[in-house]
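Chemist: Mind looking over this structure? Questions follow.
The values are calculated or read from the model by the stated rules, or taken from the named source; none is laboratory data. Just so it is clear, the structure is predicted and the values come from calculations on it, not from any experiment. Here Cβ is always computed from backbone atoms with ideal geometry, including for glycine, and neighbour counts include all displayed protein chains. Calculation scope for accessible area: heavy atoms of the full protein, side chains included, ligands and nucleic acids excluded. Shrake-Rupley method; radii C 1.70, N 1.55, O 1.52, S 1.80 Å.
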Amino acid sequence: MILASSILDRVLVLEMVRVTEAAAIAASSLVGRGDEKAADAAAVEAMRAALNELPMDGTVVIGEGERDEAPMLYIGERVGSAQGSGPKIDIALDPLEGTTITAKAGPNALAVLAVAEGGNLLNAPDVYMDKIAVGPGYPQGVISLDKSPSDNIRAVAKAKGVNPHELIACVLDRPRHAQLIAELRSLGCGIMLIPDGDVAGVIATTDPNTTVDIYMGSGGAPEGVLAAAALCCVGGQIQGRLLFRNDDERARAHRWGIEDLNRIYALEDMARGDCIFAATGVTDGSLLNGVKRLKDGCITTESIVMRASSGTVRRITGEHRKGHA
């Protein structure tokens with residue numbers, strides 16, 4: 001049982017939704033405009049401004065890269081209006097998960113945020129991560145990055161009481177996954193290929209309505225931590241292993257205190273304690289509807305906020321009218 005955190009109570013759980021709403025609304029004005037950088041910058045600026053209104057002493061542990069790469073919301077940046085006096089909070093964020101999706105008006109773009117007490121979120125470098133995840137209801141250890149994709153599919157199928165060809169795996173549609181996709185299809189396993197948005201892909205394993213049974217493949221390490229925070233709230237299993245393409249990325253990991261470059265991170269290694277996860281849809285997707293701009297000037301949003309200690313999942317529809325808070 002996860003105990004409620006009085007520190008997170010002071011930050012006001014529902015205020016997290018205001019932060020993701022601000023980022024989603026800002027990014028939505030650039031949906032379909034073909035400019036990934038502008039959409040991301042708009043989301044970053046809006047999220048940073050909203051975070052700085054909150055009475056906390058926050059530290060970004062998963063952000064838009066390191067300080068020399070990201071002018072705002074970089075790893076290690078301090079946010080909040082109570083620096084040195086407010087509750088110390090670790091923050092993992094992706095102001096716009098799915099920049100390419102947004103630029104092309106595709107599905108499943110989100111503004112995403114997770115918070116926990118200091119030290120409870122993995123401070124991971126901005127590199128790739130090999131991931132595997134399932135939703136709740138399976139025996140602990142049913143999945144493992146030490147096993148082959150085929151063995152993982154067979155283990156999940158056995159635990160579910162079905163044949164492997166009855167499972168659906170969610171995989172990012174990338175050339176690097178060609179061998180994985182071929183192996184899964186050789187088992188007869190169905191594959192849901194997604195263009196981006198692997199946080200939503202992992203969360204899809206927790207919702208029976210999506211029919212997704214397992215998430216597999218590599219994506220960003222920041223997204224892995226965010227997905228772990230969501231599973232910490234609603235249940236499920238995830239494993240991640242950092243992937244390094246060159247010596248610069250390995251050196252970056254050492255700077256953040258990571259010595260074992262081959263370590264497999266379990267859920268509790270990436271997110272633990274009383275986590276809060278919040279997301280707002282930018283474009284329509286399997287998890288949330290996107291931002292809508294209505295003729296009367298009203299903007300509508302759909303968000304989800306989860307909390308580990310209570311196991312609560314709230315879906316929130318917002319109406320935002322000009323001239324009103």
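Chemist: Which condition number does THR317 fail, the rest of (1) open to solvent by 30 Å² or more (accessible area, probe 1.4 Å); (2) within 24 Å of VAL171 (Cα to Cα) being met?
Modeler: (2)
Chemist: What are the residue pairs meeting all of these: first residue in segment 25-41, first residue assigned to a loop (DSSP other than H, G, I, E, B), second residue open to solvent by 40 Å² or more (accessible area, probe 1.4 Å), Cβ atoms under 6 Å, and 6 or more apart or on different chains?
Modeler: VAL31/ALA105; GLY32/ALA105
Chemist: While we're on this one: Can you pull out every residue in segment 294-303 that is open to solvent by less than 100 Å² (accessible area, probe 1.4 Å) and out of contact with any Gly (no Cβ under 9 Å at 6 or more places or on another chain)?
Modeler: LEU294, GLY297, CYS298
Chemist: Let me ask something else. Touching a helix residue (DSSP H, G or I) at 6+ places or on another chain (Cβ under 8 Å) and open to solvent by 30 Å² or more (accessible area, probe 1.4 Å), is that true of VAL291? Lay out the reasoning, then the answer.
Modeler: Values: touching a helix residue (DSSP H, G or I) at 6+ places or on another chain (Cβ under 8 Å): yes; open to solvent by 30 Å² or more (accessible area, probe 1.4 Å): no.
No.
Chemist: Given the conditions (1) part of a strand (DSSP E or B); (2) open to solvent by 20 Å² or more (accessible area, probe 1.4 Å), report the number of the one that ALA182 does not fulfil.
Modeler: (1)
Chemist: From GLY190, GLY290, grab the single residue that is over 30 Å from SER29 (Cβ atoms) and in contact with a strand residue (DSSP E or B) (Cβ under 7 Å, 6 or more places away or on another chain). Spell out the reasoning first.
Modeler: Details: GLY290 fails: over 30 Å from SER29 (Cβ atoms).
It is GLY190.
Chemist: Return the pair list, or none, for Cβ contacts closer than 8 Å from residues in segment 107-121 that are free of Cβ contacts under 8 Å to residues at least 40 places away in the same chain to residues that are open to solvent by 30 Å² or more (accessible area, probe 1.4 Å), at least 6 apart or on different chains.
Modeler: Within 8 Å, no pair qualifies.
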